[in-house]
Amino acid sequence: MIWPSHAPENYQCPFCDFASGEFRFQKNLCRPEDLVASTDLAMAWIASHGFEPEPGHVLVGPKEHFELLYDMPDDVLAEIASLSRDVAVAMKKAWQPDGITTRQHNEPAGSQHVWHYHQHVLPRWHDDGLYFTPQRPIVDPAIRARKAAELRAVMAQR
């Protein structure tokens with residue numbers, strides 16, 4: 001299945017530019033010194049935009065261009081997951097945060113802003129203010145069961 005791209009026409013992907021090491025795009029905020037780790041399939045780098053009060057969140061993404069989770073090959077996704085774990089462990093050892101958050105966004109409604117798949121790995125501290133979402137109410141078990149059945153039915157069609 002091919003998913004539509006949300007990238008504008010003539011998109012200059014900053015993460016592909018970073019992966020190439022060429023840094024051809026003037027608006028690319030990534031710098032060579034941002035690189036944390038690299039494997040055959042994936043790379044990890046310090047994000048140009050931070051989350052205060054403690055900057056230093058890391059992005060982990062494929063070296064090859066994939067825009068969305070939906071299109072990611074299993075081997076690349078597995079490499080990103082392993083590298084994300086390794087970065088989280090390094091953060092714990094280097095900075096002793098109270099916790100780690102990982103998150104990943106797809107499509108504009110999912111808060112994706114760069115049209116190249118990437119996983120965020122963020123060091124977290126108590127009361128750092130990153131999330132202000134109130135706790136949600138418990139979903140009725142009958143609704144949960146219906147939603148699970150709907151997803152199982154679609155997944156069985158794979």
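General observations
- Which listed residue is touching a Pro at 6+ places or on another chain (Cβ under 7 Å) and of a type in the set (D, E), from E9, E67, E22, E54: E54
- Within region 102-125, the residues that satisfy the criterion of being part of a loop (DSSP other than H, G, I, E, B) and either among the small types (G, A, S) or over 18 Å from H65 (Cβ atoms) (or both) are S111, W125.
- Taking every residue in region 131-158 that is over 24 Å from T101 (Cβ atoms) and pairing it with any residue that is modelled with pLDDT of 80 or more and in a loop (DSSP other than H, G, I, E, B), at least 6 positions away or on another chain, yields no pair with a Cβ-Cβ distance below 7 Å.
- Members of region 6-28 found to be within 26 Å of Y70 (Cα to Cα), surrounded by 11 or more Cβ atoms within 10 Å (Cβ to Cβ) and not acidic (D, E), listed by number: H6, A7, Y11, Q12, C13, P14, F15, C16, F18, A19, S20, N28
- Within region 45-64, restricting attention to residues that are surrounded by 15 or more Cβ atoms within 10 Å (Cβ to Cβ) and at pLDDT 95 or above, the residue that is farthest from W125 (Cα to Cα) is K63.
The rows are residues; the columns are (1) over 21 Å from M43 (Cα atoms); (2) surrounded by 10 or more Cβ atoms within 10 Å (Cβ to Cβ); (3) in contact with a Cys (Cβ under 6 Å, 6 or more places away or on another chain).
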site	(1), (2), (3)
Q104	no, yes, no
E107	yes, yes, no
Q112	no, yes, no
R124	yes, yes, no
Y131	yes, no, no
A148	yes, yes, no
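- In region 65-79, the residues that are free of Cβ contacts under 8 Å to residues at least 40 places away in the same chain, within 18 Å of W3 (Cβ to Cβ) and hydrophobic (A, V, I, L, M, F, W, C): V76, L77
The values are calculated or read from the model by the stated rules, or taken from the named source; none is laboratory data. A quick note: this is a predicted structure, and the numbers were derived from the prediction, not measured. With ideal geometry, Cβ positions are generated from the backbone for all residues, glycine too; neighbour counts draw on all protein chains shown.
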